[in-house]
Amino acid sequence: MTLASPSPASALPAIGVDLGGTKIEAIVLAPGGASLWRERVATPAGDYGAILSTVANLVARAEAELGLAGCSVGIGTPGTSTHAGLIKNANSTCLNGQPLAHDLAQALGRPVRTANDANCLALSEATDGAAAGAPVVFAVILGTGVGAGVVVNGALLSGPNGLAGEWGHNPLPWGHATEQPGPTCYCGQRGCIETWLSGPALARDHAVHTGEALNAQQIGTRAAQGDAGCEASLQRYESRLARSLAHVINLLDPDVIVLAGGVSGLERLLVNVPQRWGEFVFSGGLKDPVRTRLVKSLHGDSSGVRGAAWLWRG
Ligand SMILES: [Zn+2]
């Protein structure tokens, strides 16, 4: 089957689909970024064929209701792709080992582009979000896991291994003695950044120190009310995030770092982390202010689906 490429993204609205573990969301964006249509349905559990047909039905309905045809389709996927285009590391395990992009292209009658959730976030925020217009953007998800994506001059950086931005599985830098060797990570290593900076990691660290079972939001609320144990947990977290982002600044020197995901709801991070990262950003002993901006995502939970729509842009 020969697939015609979609029309240039500048001429037609663009369709984005965020394929999540519990829901599949589709959006149609006008060339200027306005949302024209949006729908969210439950992800068929454990049924690959049903997932394909659900995505195809969403695209067909969006185009029918808007009187469109042949829009570009970008898909935000869990996990990553192998060289052969097979999904791996997806939490929706029925996707693993499947040629998702190929099968969706067949189902939709047009090529599709795919990227993982952190890359879609980075593209969304760099295109028309909190980092719009910035030359180099590093966008971080601090959620159930920790991932990141890199956009340079409006284009997503991928790399020959598809790994650009997978900083969550680097070790926590400048680790303290009490942080060695660090928690075991599902990836097989110990002490990965994800094992310290995910939402569950913050909750675990707080429980270890206080015996209390609180989530990130609850820890933030209690700290604001003056709870010393919660305050100490957030200060440990802020130190770890500052060290981890200083590592990124030394390597990539992004203009803007965007925070998203559940833990980014702690607004104090935007103030406290830049106050701490200067100690670790390379300066040769001459303390120059760090110009990197740390901001919260503008589109929040919508960045995944919006970034998917922008995968054909440019
Ligand atoms: Zn890991």
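Going residue by residue through region 85-92, is there one that turns out to be of a type in the set (K, R) and within 16 Å of the ligand (Cβ to nearest atom)? Yes, the conditions are met somewhere in region 85-92. Total residues in region 173-201 satisfying the condition of being within 16 Å of the ligand (Cβ to nearest atom) and part of a helix (DSSP H, G or I): the figure is 8. Have a look at E125, E166, E212 and point out the one that is open to solvent by 30 Å² or more (accessible area, probe 1.4 Å) and either of a type in the set (S, T, N, Q) or more than 16 Å from the ligand (Cβ to nearest atom) (or both). Criteria check complete, one pass: E212.
Before we move on, is V256 touching a Lys or Arg at 6+ places or on another chain (Cβ under 7 Å), in contact (Cβ under 8 Å) with a residue 60 or more places away in the chain and either away from the ligand (no atom under 16 Å from the Cβ) or closer than 21 Å to A139 by Cβ (or both)? The answer is yes for V256.
Scoring G147 on the criteria (1) among the small types (G, A, S); (2) in contact with a Leu (Cβ under 6 Å, 6 or more places away or on another chain); (3) in contact (Cβ under 8 Å) with a residue 24 or more places away in the chain; (4) not in a helix (DSSP H, G or I) leaves a single failure, condition (2). Would you pick out the residues in region 225-237 that are open to solvent by less than 70 Å² (accessible area, probe 1.4 Å) and in a helix (DSSP H, G or I)? Result: G229, C230, E231, A232, S233, L234, R236, Y237. Within the set R222, R240, R204, the sole residue that is within 16 Å of the ligand (Cβ to nearest atom), in a helix (DSSP H, G or I), open to solvent by 60 Å² or more (accessible area, probe 1.4 Å) and not acidic (D, E) turns out to be R204. Pairs linking a residue in region 158-172 that is at positive phi and assigned to a loop (DSSP other than H, G, I, E, B) to a residue that is more than 14 Å from the ligand (Cβ to nearest atom) and modelled with pLDDT under 90, with Cβ atoms under 8 Å and 6 or more positions apart or on different chains, are G162/S81.
The values are calculated or read from the model by the stated rules, or taken from the named source; none is laboratory data. All of these numbers come straight from a predicted model, not from anything done at the bench. Neighbour counts run over all protein chains shown; Cβ positions are idealised from the backbone, glycine included. The accessibility values were calculated without ligands, DNA or RNA, using every heavy atom of the protein model including side chains. Shrake-Rupley method; radii C 1.70, N 1.55, O 1.52, S 1.80 Å.
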